[in-house]
Amino acid sequence: MSVAESVRDRLDALPDIGLVAGFMGAIWAIMLVLALSVGGAEWANLAAGFIGSVTVLIGGYAILALALNLQWGYTGLFNIGIAGFMAVGAYTTAILTAPTDPAAGAVAGLGLPLWVGLLGGMLAAAVIGGLAALPALRLKADYLAIVTVAFSEVIRLTVNWSGLAEFSLFGRTLGTGGATGISFESANDVAGSLVNGVGAPVAAAFQGVGVSAPNLANLTYGLMLMAVVGASYWVFARLTNSPFGRVLKAIREDETVTQSLGKDTRVFKIKTFMIGCALMGLAGVLFRGQAGYISPSQFRPTITFYVFAALIIGGSGSNTGSILGAATFSGLLFYLPARIGENVPLGTRAPSNIVEAVAALGSLDPFPLVAYTVGNVSTLRFVLIGVVLIYIIQNQPDGLLGHRNEPAASVDLDRSRADLGGESDE
Amino acid sequence: MSESSGTERQTATVDSDSIEDPLLEVDGLRKQFGGVVAVDGATFAVGEGSLTGLIGPNGAGKSTTFNCITGIHEPTGGRVTFDGQEITGLPPYTLANRGLVRTFQIARELSDMTVLENVMLAPDDQVGESAIRSVLPGLRDDVIADEEAVRDRAWETLDFFEIDHLAHENAGNLSGGQRKLLEMARVLMTDPEMVLLDEPLAGVNPTLEEKLLERIHELRREQGLTFLLVEHDMDVIMNNCEHIIVMHQGSVLAEGDAEAITSDERVLEAYLGGEV
């Protein structure tokens, strides 16, 4: 049995919640070790910073991967406009919640409470998602891909347009802020007030060991995002492990057959697309808008492809796999290498370019190449991500959990006891 | 030939123009792909509770006729009536919900889903097909009850086709013959009135063929289902179908029972080449 297989068997044996907890625990432990080895006296603060940031990142990608998994993993809807639907959610929330009397130079909003903004953002993303899907869902998968990617760029360029930066509607001044972006009351402030309010005693204990208040707020925010991930997972697991999920899988496998079995597949596809886009909209504001500020440059198509990478790594078609994929991609491949590159001391022998680094190999000195690699790891991690993706697609096309047999049904599928001649069906 | 099929065979001669109790009526059906006329004014009827065979040489328009009846293609012209109501051009899901379903020439199992999932997909209007009901705690109780009923029926259907030992297997891992059985099982789960079988016996070994035919006869006998069968195996058609429709060049060449068909000069000429 190969190492990969034995690891996989062990993963299979764990309940999903244990699997995710173990995975997150391992990533936190790696961050802690990194902080301990490079932080010196500052280690506690550094660890809180690392763990907080990595948790926020994983939370954001996990929500996005779950949404994409519903659309692409389950239903086969090739949505490559994720960034656009995130932007719709984030901008709607921002415009709804931005203060009516903004600071000088900033754009005014409607000043509504945050929860109204979040709901409005999700609703807007769902509606725009439905509109984008309507013409495209009648066509083949490739056309949906083209329409969504074009749509996401249209959205980004629209919010970037100076003509919408500030305008008057029904006597109120509103706007997207154009290229400068828009500020609003962020969900992060909730984390901050939690740390200063109810959580003050705990916060004091953390601050006693040297964890700064912003880092502590960031960590709290990460945990709040994890709660959102948990809630989304709960909803999506129930949604997919049901006759509804069964139809979605069937559409992915063969839409003509699904229709021949009496399912109006268009309705299922539009519903699925809208639900997924709503969650993408929520991720847009919670993840990209963490700091209470968004601008068009945060919604470039690259993030769409990152989410696809996360889902492919985790295994498309599996909700638990989506979360593990998000953690692997954003925690281990995206965040960790950058922090290593920043914090590992390289001494003075690190060469300034790749030619020198490779040339040193001629005199049998590998150190310059290693040092160069570590020093430039935040750029090189994209090479790493590419290599991992190629490896997975060739050797493990189902990702971490895509090979699992997760039947879509709301009940245990074994033959009921009555059927086997027993007394009753419990 | 199997005994059961032999006993089931109805010898009464049915005249082509006077099918009693027609469940499906096709009138002047026409389908054109660009310049090619695949179906050219086909007219026939299928009696309720019958096992009707549809034969014809390759390119006679049998599959296109099937596709036009079941809503996969929209007919260029003509009328299709099912159970007294016009169904011309209705989408496949509407027809399936009214009780008219089909299987495919090449078995189209949903390969990344288990056999049980394939079968459980089929029943109409499952409570849990509503997204909200399958999620919200209070409403989910109905979903669970419905799911249990569907699951038990699925197991019964798998038993009937003797593929229950494969229930948790991915459908993609099944053999060709098992896939044919799965298709039949899946179609039955929709609770149909009439089933259109597109070459259900192609590539099936004789033992399995017998099993499938027995099941078809049993379903007619016990549930009163109507079958329209496209098949290339002449013996199967002649021995099992009480009414046979012969298509040639997009239209109906002849109709009648096995005897009438085998003695029809035009059929012999166009299709059987005078061999029978």
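Things worth noting here:
- Part-to-part distance (alpha-carbon centres) for the range A:331-402 and the range A:40-75, which is given in Å: 21
- About the centre of its Cα atoms, the range A:107-254 shows a dipole size close to 420 debye [charges on the beta carbon of Lys, Arg (+1) and Asp, Glu (-1) only; nearest 20 debye].
- Estimated [θ] at 222 nm from DSSP helical runs (n ≥ 4, -39500 (n - 2.57)) normalised by residues in the protein assembly as shown, nearest 500: -16500 deg cm²/dmol
- When each full DSSP H helix of chain A is screened for a Cα extent of at least 24 Å along its own axis and an average Kyte-Doolittle hydropathy of at least 0.0, the helices passing are A:16-39, A:43-68, A:114-136, A:141-160, A:213-240, A:265-283, A:377-395.
- The range B:179-276 - charge dipole about Cα centre, Lys and Arg +1 at Cβ, Asp and Glu -1, debye rounded to 20: 440
- Contact residues in the range A:239-253 (at least 20 Å² less accessible area with all protein chains than alone, 1.4 Å probe): A:Leu239, A:Pro243, A:Phe244, A:Arg246, A:Lys249, A:Ala250, A:Glu253.
- DSSP finds beta bridges in the protein assembly as shown, and of those with both partners inside it, around 65 percent are antiparallel.
- For B:Leu229, the amide hydrogen comes within under 5 Å of the amide hydrogens of B:Thr52, B:Gly53, B:Leu54, B:Leu197, counting only partners 5 or more places away or on other chains and with H modelled in the peptide plane.
- Between 0 and 90 degrees, the angle of helix B:206-223 with respect to the longest Cα principal axis of chain B falls at about 80 degrees.
- Percent accessible area from carbon and sulfur atoms, the protein assembly as shown, protein chains only, probe 1.4 Å: 57
- Largest GNM mean-square fluctuation across A:Ser168, A:Ser232, A:Ser193, computed for chain A with C-alpha springs under 10 Å, falls on A:Ser168.
- Using Cβ point charges alone (K and R +1, D and E -1), the dipole size of the protein assembly as shown about the Cα centre works out to roughly 4500 debye.
- Residues in the range A:70-187 average 44 Å² of solvent-accessible surface per residue, probe 1.4 Å, ligands and nucleic acids excluded.
- Acute angle (nearest 10 degrees) that the helix B:137-160 long axis makes with the longest principal axis of chain B, alpha-carbon atoms: 40
- Interface burial for A against B (accessible surface, 1.4 Å probe, total of both chains, Å², rounded to 100): 3700
- Averaged over its residues, chain B has an accessible area of 40 Å² per residue, based on protein heavy atoms and a 1.4 Å probe.
- Cα lying deepest toward the dipole's positive end in the protein assembly as shown, options A:Val211, A:Phe85, B:Val26, charges on Cβ: A:Val211
- Too-long pairs where the Cα-Cα distance tops 32 Å, listed order kept, from B:Lys31/B:Lys211; A:Lys263/B:Lys180; A:Lys269/B:Lys211; A:Lys271/B:Lys211; A:Lys249/B:Lys211: B:Lys31/B:Lys211; A:Lys269/B:Lys211; A:Lys271/B:Lys211
- Gyration tensor verdict on chain B (Cα atoms; rounded if a/c is under 1.5, prolate if a/b is larger than b/c, oblate otherwise): prolate
- Dipole of the protein assembly as shown computed with +1 at Lys/Arg Cβ and -1 at Asp/Glu Cβ about the Cα centre; of B:Met247, A:Thr304, B:Phe104, farthest Cα towards the positive end is A:Thr304.
- Ordering A:Gly375, A:Leu118, A:Gly315 by the projection of their Cα atoms onto the charge dipole of the protein assembly as shown, which places +1 on the Cβ of Lys and Arg and -1 on the Cβ of Asp and Glu, puts A:Gly375 at the extreme positive end.
- Computed lengthening from A:Asp142 to A:Asn343, 0.36 nm per intervening residue step minus Cα-Cα distance: 68.0 nm
- A 1.4 Å probe, protein heavy atoms only, puts the accessible area of A:Phe23 near 50 Å².
The values are calculated or read from the model by the stated rules, or taken from the named source; none is laboratory data. Predicted model, so just to flag it, every value in this text is computed and none were measured. Virtual Cβ from ideal backbone geometry, glycine too; neighbours counted across all protein chains shown. Keep in mind that these areas ignore ligands, DNA and RNA; they rest on the heavy atoms of the full protein, side chains included. Shrake-Rupley method; radii C 1.70, N 1.55, O 1.52, S 1.80 Å.
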